[in-house]
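Colleague: Attaching a single structure in structure tokens format; questions to follow.
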Amino acid sequence: MDYLGIDIGGTQTKWAVIAPDNSVTMRGSVPTDFRTTEDEMGRLDGIVRPLEGRIGGIGISAPGTVLGSVEDGVIRGGGYLTFNDGFALGKALRERYQLPILVENDGKACALGEYVSGALRGCDLGVVVVIGTGIGGGIVVNGEVLRGAHGSAGEFSYINSGRGSAIQFGDFFGAQGSWLSLKKLVLESMGLIDDNGAALDKALDLEAVDGKRVFEWINAGEEGALAGLDRYASALCLRIFSLQAVLDPDVFAIGGGISAQPALISALQNKMAQLVDQIPFMQIQAPRIVRAENGNDSNLLGAVYECRRYEVGRSQAD
């Protein structure tokens, strides 16, 4: 049967009905305007109820670490959706709909979606790095997502590069690799903000400078914007190189909204080549960087893939 994929994001909750061949037969979205688990369940009910009888299971992609049984889907943290901390989302939904239901971390779901039919297809070991307000990630080994001993494998945001004795937020990969860091570096390099991040031109509305505006400057060849992109690519590639030394993957697929910008992928590929050329006694494989192929569908495809696979395994065990 078709399965339903639901991706609970910070601003939009996307859903899609996915056929066994991974094609999407229906899709839609609703605002993530709920702030309690009760409101969340009610909004999800509006998605699921009209599809009852035509779906065989539900795969959920959500922010936060999924603890213990993926079937129960107990979420730790919840990212920006802090009300989900400690909530057994999968168990609550399974009891309501009596369907196979699995909850997966959004970064891990993205990696699985790229393995199913994207940039990680055919990889023995592949990694997704998702650029957003932080850095998400997922590691797929022989078709299975790596969870780690505590469910937090792939939480790249917590990689720290500080040289001092104290841990500071600004030293985390999540801070240095986010799209907000790119925005800051571009604005700095263009001379539009001071060292404290305040606008030097009172007419400039910093809140209105979004990713589209940043890449308009970059794609127009504005010198300061290109310098900011170069600084950002350097920081990102240094972390990716470290991950290559630890994991030795076939490929790194870059996901997130700004990954659709060819200028970003090109900058990362060029910067990585420069970095590798500078390393004496290079004994590891140079990291291969590509764009994630499925865009916003990666999380949906991955969550459904994992739910189908889990249900098949459970049926065979029975």
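The values are calculated or read from the model by the stated rules, or taken from the named source; none is laboratory data. Please read all numbers here as calculations on a predicted model, not as lab measurements. Glycine also receives a Cβ, built like all others from the backbone with ideal geometry; neighbour counts cover every protein chain displayed. Surface accessibility is based on the protein's heavy atoms, side chains included, excluding ligands, DNA and RNA. Shrake-Rupley method; radii C 1.70, N 1.55, O 1.52, S 1.80 Å.
Colleague: Where Rh is the Kirkwood radius over the Cα pairs of the stretch 117-197, the temperature 4 °C and the viscosity 1.567 mPa s, what D in µm²/s does Stokes-Einstein return?
Modeller: Approximately 88 µm²/s, per Stokes-Einstein.
Colleague: Based on DSSP, what percent of beta bridges with both residues in the chain are antiparallel, to the nearest 5?
Modeller: Numbers: 28 of 46 bridges.
Looking only at bridges with both residues in the chain, the antiparallel portion is about 60 percent.
Colleague: Stokes-Einstein D for the stretch 180-238 at 20 °C, 1.002 mPa s, Kirkwood Rh over Cα pairs, in µm²/s? If you can, show how the numbers build up before the last one.
Modeller: Numbers: Rh = 11.4 Å.
The estimated diffusion coefficient comes to 187 µm²/s.
Colleague: Within the set of other residues whose C-beta is less than 15 Å from the C-beta of residue 182, count the net charge using Lys and Arg as +1 and Asp and Glu as -1. Let's see the in-between values first.
Modeller: Working: positive: 183, 184, 212, 213, 231, 239, 271; negative: 188, 210, 216, 222, 230.
Taking every other residue near residue 182 into account, the sum is +2.
Colleague: Given charges of +1 on the Cβ of Lys and Arg and -1 on the Cβ of Asp and Glu, with all other atoms neutral, how large is the dipole of the stretch 7-137 about its Cα centre, in debye to the nearest 20? Walk me through the numbers before you get to the answer.
Modeller: Values: 12 positive and 16 negative charges, 34 e Å.
Using only the charged Cβ atoms, the result is roughly 160 debye.
Colleague: Another question, then. Return one whole number: the accessible area per residue of the chain in Å², for a 1.4 Å probe.
Modeller: On the way: 14880 Å² over 318 residues.
With the other protein chains kept in place, the chain gives 47 Å² per residue.
Colleague: Where does the charge balance sit around residue 55 when Lys and Arg score +1, Asp and Glu -1, over other residues with C-beta under 15 Å from its C-beta? It would help to have the intermediate numbers written out before the result.
Modeller: Details: positive: 27, 49, 54, 94, 96, 308; negative: 2, 45, 52, 311.
Around residue 55, the charge tally is +2.
Colleague: Starting from the Kirkwood Rh over alpha-carbon pairs, what translational D in µm² s⁻¹ does the stretch 1-50 have by Stokes-Einstein at 25 °C and 0.890 mPa s? Don't jump to the answer; show the numbers that get you there.
Modeller: On the way: Rh = 11.4 Å.
Stokes-Einstein gives a translational diffusion coefficient of 215 µm²/s.
Colleague: For the pair residue 248/residue 121, report the inter-label distance in nm, with labels modelled 7 Å from Cα in the Cβ direction.
Modeller: 2.7
Colleague: Dividing the Cα convex hull volume of the chain by residue count, how many Å³ per residue is that? All intermediate terms of the calculation are to be shown ahead of the outcome.
Modeller: On the way: hull volume 49.7 nm³, N = 318.
Taking only Cα atoms, the chain has a hull volume of 156 Å³ per residue.
Colleague: Could you pull the Cα extents of the stretch 160-269 along its three principal axes, largest to smallest, in whole Å?
Modeller: The Cα atoms of the stretch 160-269 stretch 47, 37, 21 Å along the principal axes, largest first.
Colleague: What percent does the relative contact order of the stretch 28-127 come to when contacts are Cα pairs within less than 8 Å and at least six residues apart? Can you show the working numbers first?
Modeller: On the way: 131 pairs, mean separation 23.9, N = 100.
Relative contact order, the stretch 28-127: 24 percent.
Colleague: Here is a follow-up. Relative contact order for the chain: what percent, with Cα pairs under 8 Å and sequence separation of 6 or more? Each step should come with its number before you reach the end.
Modeller: Details: 628 pairs, mean separation 60.7, N = 318.
Relative CO of the chain lands at 19 percent.
Colleague: Under unit Cβ charges (Lys, Arg +1; Asp, Glu -1), what dipole magnitude, rounded to 20 debye, does the stretch 121-196 have relative to its Cα centre?
Modeller: Details: 5 positive and 7 negative charges, 28 e Å.
Result for the stretch 121-196 is approximately 140 debye, rounded to the nearest 20.
Colleague: Using mean Cβ contacts within 10 Å as the protection proxy, how do 184-192, 217-225 order, highest first? The partial results should precede the final answer.
Modeller: Values: 184-192: 19.2, 217-225: 15.4.
So the order, starting with the most tightly packed, is 184-192, 217-225.
Colleague: While we're looking at this one, here's another question. Between the stretch 187-259 and the stretch 15-65, what is the C-alpha centre distance in whole Å?
Modeller: Their Cα centres are 33 Å away from one another.
Colleague: Per residue, what volume in Å³ does the convex hull of the Cα atoms of the stretch 1-137 enclose?
Modeller: On the way: hull volume 15.0 nm³, N = 137.
Dividing the Cα hull volume of the stretch 1-137 by its residues yields 109 Å³.
Colleague: What percentage of the solvent-accessible surface of the stretch 189-277, computed with a 1.4 Å probe over protein heavy atoms, is contributed by carbon and sulfur atoms? Working shown, then result.
Modeller: Numbers: 2160 of 4440 Å².
Looking at the stretch 189-277 in its full context, I get 49 percent from C and S.
Colleague: Rounded, prolate or oblate: pick one for the stretch 212-318, where a ≥ b ≥ c are the square roots of the eigenvalues of its C-alpha gyration tensor, a/c under 1.5 means rounded, and failing that, prolate if a/b is larger than b/c, else oblate.
Modeller: Numbers: a/c = 4.22, a/b = 1.53, b/c = 2.75.
Taking the square roots of the gyration eigenvalues as a ≥ b ≥ c, the stretch 212-318 is oblate.
Colleague: Relative contact order for the stretch 224-309: what is it in percent, counting Cα pairs under 8 Å that are at least 6 residues apart? Walk me through the numbers before you get to the answer.
Modeller: Details: 70 pairs, mean separation 33.3, N = 86.
Here the relative contact order equals 39 percent.
Colleague: If you put +1 on each Lys and Arg Cβ and -1 on each Asp and Glu Cβ, how big is the dipole of the chain around its Cα centre, in Debye rounded to 20?
Modeller: Working: 27 positive and 39 negative charges, 54 e Å.
Dipole of the chain, to the nearest 20 debye: 260 debye.
Colleague: Still on this structure: So for 41, 1, 282, what's the accessible-area order with a 1.4 Å probe, most first?
Modeller: Numbers: 41 15, 1 125, 282 65 Å².
Ranked from most to least accessible, the order is 1, 282, 41.
Colleague: Once you place label points 7 Å from the Cα toward the Cβ at residue 33 and residue 279, how far apart are they in nm?
Modeller: In this crude spin-label approximation the distance works out to 4.9 nm.
Colleague: With each pseudo-label sitting 7 Å past Cα toward Cβ, what's the residue 194-residue 54 distance in nm, one decimal?
Modeller: 5.9
Colleague: With a sphere of radius 13 Å drawn around the Cβ of residue 194, what net charge do the other residues whose Cβ falls strictly inside it have (Lys, Arg +1; Asp, Glu -1)? Show your work: numbers first, answer last.
Modeller: Numbers: positive: 184, 202; negative: 188, 195, 201.
Result for the local shell: -1.
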